[in-house]
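The values are calculated or read from the model by the stated rules, or taken from the named source; none is laboratory data. In this text, all values refer to a predicted model and were calculated from it rather than measured experimentally. Glycine gets a Cβ as well: all are built from the backbone with ideal geometry, and neighbour counts include every protein chain shown. Ligands, DNA and RNA are excluded from the accessible area calculation, which covers all protein heavy atoms including side chains. Shrake-Rupley method; radii C 1.70, N 1.55, O 1.52, S 1.80 Å.
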Amino acid sequence: MRKWFGVLQTVIVCSLFIGTVSAFQVKEDWEPLLDKDLAKWDMYLSYRHQKDYKGDMPVGEDGAPLEPIGYNKNIANVFSVTSEGKEPVLKVSGEIYGCIFTKQEYENYHLKLKVRWGDKKWEPRTDKLKDSGVLYHSIGESGVDYWRAWMLSQEFQIMEGHMGDYWTIASSAIDVRAYIPEGNMNTVASAKQPFLPIGAGTGNSGFCLRSEDRESPAGEWTELELICYKDKSLHIVNGQVVMILQNSRHVKDGQTIPLTRGRIQLQSEAAEVYFKDVKIKPINQMPKKYASLF
C-alpha cells in the first residue's frame, strides 16, 4: 500500500509540475515589443503638414520640392520612451507625420497593446479629434499614402471615439461585415451583415466605422487587440469585437494581390499619444471563440 501511495504522490507532483510549466509556457508565448531603446523598431518621419495640405508634395518658400525627413531621424524627439513603474511607455508627440515600424514582418498573430491620449495636438489637426493608428500587413517603402508618411497597409484606427475604425492605406482593400453606405452616410461595421468589399478596386471608399464605441474614459488606458490569421482579421477594443474583416489584399498594376504579412506601424498623426504593454504572439488558427464570426 505504501508503495502505491508513493507512486500516486509522484504522479500528482509531476502533474502539478507539468501544469505549472504549461501555464508558464503559455504566458511566455507573448513577445514584448517595447523596451527603453526601441530595439525592435525603426522609424520614418515625413513632414510637419499644414492646414492647406492637399496631398501634393510640400514645397519651400522658393517653390522647390521639400524632401521628407526620412528613416531613423528622430527630429524633435517625436518618439521617446518613458516609464510607468518598471514598464516602458512609448510617447509619440505627433508633431511630425510618420511612424515607428517593426523591424520584423509578422503573419498569423495576436497583437495586444494599451493606448492613452496625451494633451497636445498639432497642425493640421488642432481643431479635430486626436488621431493615430496601428497599421498592419505593412509592405514596401514608407511615404506612399496621401500624407506621404506610411507604408501600404491596413489600418486599425486609433481616434477619439473611433477606436477600431478601418482605413485603407495606399492601394489596400479588404472585405468587412458592414452595412452598405448610402448618400453621405458612412459604411458601418456590423457582425449581422454580409461582407462588403471596400478600398482599392471595389467602388467603395476605403473607410468603415467601428460597430460601437468601446473606448475607455478620458485619461484611462484603452486595450486594443488585433488578431490576424491568413486573410482574416479582427479589431477588438476593451475585449469587444468592433470589426470583422477578411480577404485582405492590395492592388498593383491592375492586379489583386493577397496582403497577409508585413510589418506593424504605430502612427504619429498630429496628436500626442502613449502606448504600453505592446506584445505579440503567433497563432496557428483563428481562436475558437471568434471562428464563427466568419
Self-check item: Residue count, the range 156-182 (criterion: assigned to a strand (DSSP E or B) and under 21 Å from Lys91 (Cβ atoms))
Solution: 4
Quiz item: What are the residues in the range 183-216 that are in a loop (DSSP other than H, G, I, E, B), within 18 Å of Ile244 (Cβ to Cβ), among the small types (Gly, Ala, Ser) and within 19 Å of the chain's Cα centre (by Cα), if any?
Solution: Gly206, Ser211
Self-check item: Ala173 being at negative phi, small (Gly, Ala, Ser), open to solvent by less than 20 Å² (accessible area, probe 1.4 Å) and in contact (Cβ under 8 Å) with a residue 40 or more places away in the chain
Solution: yes
Quiz item: Right, Glu87: at pLDDT below 95 and open to solvent by 20 Å² or more (accessible area, probe 1.4 Å) or not?
Solution: no
Quiz item: Which residue, of Lys252, Lys281, Lys288, is over 25 Å from Leu90 (Cα atoms), surrounded by fewer than 19 Cβ atoms within 10 Å (Cβ to Cβ) and in contact (Cβ under 8 Å) with a residue 24 or more places away in the chain?
Solution: Lys252
Quiz item: Do we have Glu123 as open to solvent by 20 Å² or more (accessible area, probe 1.4 Å), without any contact (Cβ under 8 Å) to a residue 12 or more places away in the chain and either outside any strand (DSSP E or B) or farther than 25 Å from Pro194 by Cα (or both) here?
Solution: no
